[in-house]
Amino acid sequence: MPVARLADTRANMLSSTIIHNCPRQSYMTTILLIRHAVNDFVKTGKLAGWTAGVHLNEEGRAQAEALGARLADLPLAHIYASPIERTMETAAAIAKHHPQLNVEANAEIGEVRYGDWEGMAIRDLQRRKMWGVVQEYPSRASFPNGETMRAVQTRIVDALEALVCRHQDEMIALVFHADLIKMALAHYLGMHLDVFQRIVISPASISILQLGHSRPYIVSMNDIGHLQALMRQQKGAGKQAAQKRRGK
């Protein structure tokens, strides 16, 4: 390699190191990786992506309320959200229990940029050769006029590392999207991107990641205890209503 190119490469490596070099060497940041609650767009059979106007439905609002109550007593320092409606609405339900905090929109944790695929019917996309690549070899997948899956994973990992440096020894909540949460967890678990879909991330679930100056810790994944409690509560209310009707 020519000396000039080698110098440029070393400079780029040094620059990258400086960007992610936190000032302190002893800290531990706790990050809650939260998927947004459910919405009705999935019933359209289309790929939502960054489509505007996708709001939580009634079930999703109930999920978000249960999520907010679950996190009410935690010492959250910041709440970040992907800057679209379904994530911002889910984050608002958390912020309701933390009136000192505002939801901070962060495009770096935003949904995959699907490019020309955004808003298209999934049944039509499944006929394309790239669909199989996305499912089986996502590390080689590229969306037309959109992102590559490799770039998405790099984006979310870089975003998390930057937030950790900004919020050392704090607990922060991030509300964003299933695939990005899976990609982040896969990275910190040492899994290849091609197998990241083996991880399950449910709507309104909580996964906890702890990052310090050295090895990462995955504290929990896909915690839906609050949703299970909500289902039991709804089931009990349904039984009571049925008993009242029979008693009349």
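Taking Val164 and the conditions (1) within 15 Å of Gln210 (Cα to Cα); (2) in contact with a helix residue (DSSP H, G or I) (Cβ under 9 Å, 6 or more places away or on another chain); (3) assigned to a helix (DSSP H, G or I), which numbered condition does it fall short on, given that it satisfies the others?
With respect to (1) within 15 Å of Gln210 (Cα to Cα); (2) in contact with a helix residue (DSSP H, G or I) (Cβ under 9 Å, 6 or more places away or on another chain); (3) assigned to a helix (DSSP H, G or I), Val164 is out only on (2).
List, please: which pairs have Cβ atoms under 8 Å, are six or more places apart or on different chains, and start with a residue in the stretch 174-202 that is without any contact (Cβ under 8 Å) to a residue 40 or more places away in the chain and end with one that is among the basic types (Lys, Arg) and surrounded by 15 or more Cβ atoms within 10 Å (Cβ to Cβ)?
From residues that are without any contact (Cβ under 8 Å) to a residue 40 or more places away in the chain, the pairs are Ile199/Lys182.
Just to be sure before I move on: is Arg113 within 26 Å of Val175 (Cβ to Cβ), touching a His at 6+ places or on another chain (Cβ under 6 Å) and crowded, with 16+ Cβ neighbours inside 10 Å in the structure I sent?
For Arg113, the condition - within 26 Å of Val175 (Cβ to Cβ), touching a His at 6+ places or on another chain (Cβ under 6 Å) and crowded, with 16+ Cβ neighbours inside 10 Å - is not met.
Every residue, every condition in (1) buried (at least 16 other Cβ atoms within 10 Å of the Cβ); (2) closer than 18 Å to Val38 by Cβ; (3) touching a strand residue (DSSP E or B) at 6+ places or on another chain (Cβ under 8 Å), yes or no:
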{"position": "Asp179", "(1), (2), (3)": "yes, yes, no"}
{"position": "Leu189", "(1), (2), (3)": "no, no, yes"}
{"position": "Ser214", "(1), (2), (3)": "no, no, no"}
{"position": "Tyr217", "(1), (2), (3)": "no, no, yes"}
{"position": "Met231", "(1), (2), (3)": "no, yes, no"}
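Going by the structure shown, is Val195 closer than 25 Å to Ile34 by Cβ and under 18 Å from the mean Cα position of the chain (by Cα)?
Yes: the conditions hold for Val195.
Residue pairs, Cβ under 7 Å, 6 or more apart or interchain, first in the stretch 104-123 and in a loop (DSSP other than H, G, I, E, B), second surrounded by 15 or more Cβ atoms within 10 Å (Cβ to Cβ) and at pLDDT below 95. List them.
As it stands, the answer is none, since no pair meets every condition given.
Can you say whether Gln100 is surrounded by fewer than 20 Cβ atoms within 10 Å (Cβ to Cβ), under 28 Å from Gly212 (Cβ atoms) and polar (S, T, N, Q), as far as the supplied structure shows?
Considered against the rule, which asks whether it is surrounded by fewer than 20 Cβ atoms within 10 Å (Cβ to Cβ), under 28 Å from Gly212 (Cβ atoms) and polar (S, T, N, Q), Gln100 comes out as yes.
Looking at Met183, Met231, Met149, Met191, which one is out of contact with any Ser or Thr (no Cβ under 6 Å at 6 or more places or on another chain) and either aromatic (Phe, Trp, Tyr) or at pLDDT below 95 (or both)?
None of the other options fit; the residue is Met231.
One line per residue, one yes/no per condition, for (1) surrounded by 15 or more Cβ atoms within 10 Å (Cβ to Cβ); (2) not β-branched (Val, Ile, Thr):
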site	(1), (2)
Arg128	no, yes
Trp131	yes, yes
Val134	yes, no
Ala141	yes, yes
Asn145	no, yes
Met149	yes, yes
Gln153	yes, yes
Asp158	no, yes
Ala162	yes, yes
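Exactly one of these conditions fails for Val200: (1) under 26 Å from Ala229 (Cα atoms); (2) surrounded by 16 or more Cβ atoms within 10 Å (Cβ to Cβ). Give me its number.
Checking Val200 against (1) under 26 Å from Ala229 (Cα atoms); (2) surrounded by 16 or more Cβ atoms within 10 Å (Cβ to Cβ), the one that fails is (2).
So is Ser207 under 22 Å from His98 (Cα atoms), polar (S, T, N, Q), at pLDDT 95 or above and not in a loop (DSSP other than H, G, I, E, B) or not?
yes
Could you list, in sequence order, all residues of the stretch 53-101 that are touching a helix residue (DSSP H, G or I) at 6+ places or on another chain (Cβ under 7 Å) and assigned to a loop (DSSP other than H, G, I, E, B)?
Gly53, Val54, His55, Leu71, Ser82, Pro83, Lys96, His97, Leu101
Out of (1) of a type in the set (A, V, I, L, M, F, W, C); (2) in contact with a Ser or Thr (Cβ under 7 Å, 6 or more places away or on another chain); (3) touching a residue at least 24 places away in the same chain (Cβ under 8 Å), the odd one out for Cys165 is which?
So Cys165 meets the others, but not (2).
Would you confirm whether or not the stretch 136-146 contains a residue that is closer than 20 Å to Ile199 by Cβ, of a type in the set (Gly, Ala, Ser), assigned to a helix (DSSP H, G or I) and without any contact (Cβ under 8 Å) to a residue 60 or more places away in the chain?
Yes, because at least one residue in the stretch 136-146 is closer than 20 Å to Ile199 by Cβ, of a type in the set (Gly, Ala, Ser), assigned to a helix (DSSP H, G or I) and without any contact (Cβ under 8 Å) to a residue 60 or more places away in the chain.
Go through the stretch 155-167 residue by residue and tally those that are closer than 19 Å to Arg113 by Cβ and touching a strand residue (DSSP E or B) at 6+ places or on another chain (Cβ under 9 Å).
Number of matching residues: 3.
The values are calculated or read from the model by the stated rules, or taken from the named source; none is laboratory data. Here the structure is a predicted model, which is why all the values come from computation and not from measurement. So basically every Cβ, Gly included, is an ideal-geometry build from the backbone, and we count neighbours across all protein chains shown.
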